[in-house]
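**Student:** Can you keep this structure in mind? I'll have questions shortly.
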Amino acid sequence: MRYQITGKQIDIGEALQTHVQTELGSVVQKYAGRPTDATIIFSRSAHEYVCESTVHLSTGLTATAKAHATEIYAAFDGCSEKLDKQLRRYKRRLKDHHKDRVEPVELFGASSYILARESDIEDTEPDSLAPVIVAEMQTQIPSLSVGEAVMQMELAGAPVLVFRNEKKNGVNVVYRREDGNIGWIDP
């Protein structure tokens, strides 16, 4: 597994990097057989340390966690516990559905755009009604079942997930509704 351990405006020592690699490695190996990479970012927020972790698995799952603490090791330990909980729930759901994915999730590329807010644009009448594009990026869209898409959206804590439906081979969307239920768009 590849580790990327960085600090935003703070220095990360060798002892902390070793601690992160051993602890996170043991958590991930307990629940996932083939992790691909992990990104851990440490930063400060007033008097607290913040640890943000993202772990990518070969099955296509992306687990993220964030924790705050007054000490940097405690911040990582809290983040590690959250990742442990997410991966444990993910593995339990896979067992409950009696479906182990043998093949990795197929990903296909798509363009992602960031559009300017209306308040960022001047008050004058625009020349055209086309939105102002601030940034253009590449993103990956996974090929999942609807159940796996809902599971991945919940584990990531995202409000929406775009995916390719494995059964119908079309692009679908799952999202969290204001009433707390999950919505599914199948065009």
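**Student:** Considering only DSSP beta bridges where both residues belong to the stretch 2-96, give the percentage that are antiparallel (nearest 5).
**Tutor:** The antiparallel proportion sits near 75 percent.
**Student:** When each pair of different Cα atoms in the chain is counted once in the 1/r mean, what is the Kirkwood radius in angstroms, to one decimal?
**Tutor:** On the way: mean 1/r = 0.0530 Å⁻¹.
This gives a value of 18.9 Å.
**Student:** So which of 8/85; 91/168; 66/91; 66/168 end up more than 31 Å apart, counting from Cα to Cα?
**Tutor:** Values: 8/85 26 Å; 91/168 25 Å; 66/91 20 Å; 66/168 35 Å.
Violating the 31 Å limit, Cα to Cα: 66/168.
**Student:** Of 49, 20, 62, which is farthest on the positive side of the dipole of the stretch 1-68, counting Cα position, with +1 on Lys and Arg Cβ, -1 on Asp and Glu Cβ, and the Cα centre as origin?
**Tutor:** My answer, from the dipole projection, is 62.
**Student:** Could you derive backbone 3J(HN,Hα) for the stretch 52-57 from the dihedral phi with the Karplus parameters 6.51, -1.76 and 1.60 (θ = phi - 60°), listing whole Hz in sequence and x where the residue is Gly or Pro?
**Tutor:** After applying 6.51 cos²θ - 1.76 cosθ + 1.60, I find 10, 10, 9, 10, 9, 9 Hz.
Each reported figure results from applying straightforward, stated rules to the coordinates on display, with no laboratory input. What you see is a predicted model, and the numbers here were worked out from it, not measured in a lab. Backbone-built Cβ (ideal geometry, glycine too); neighbour counts: all protein chains shown.
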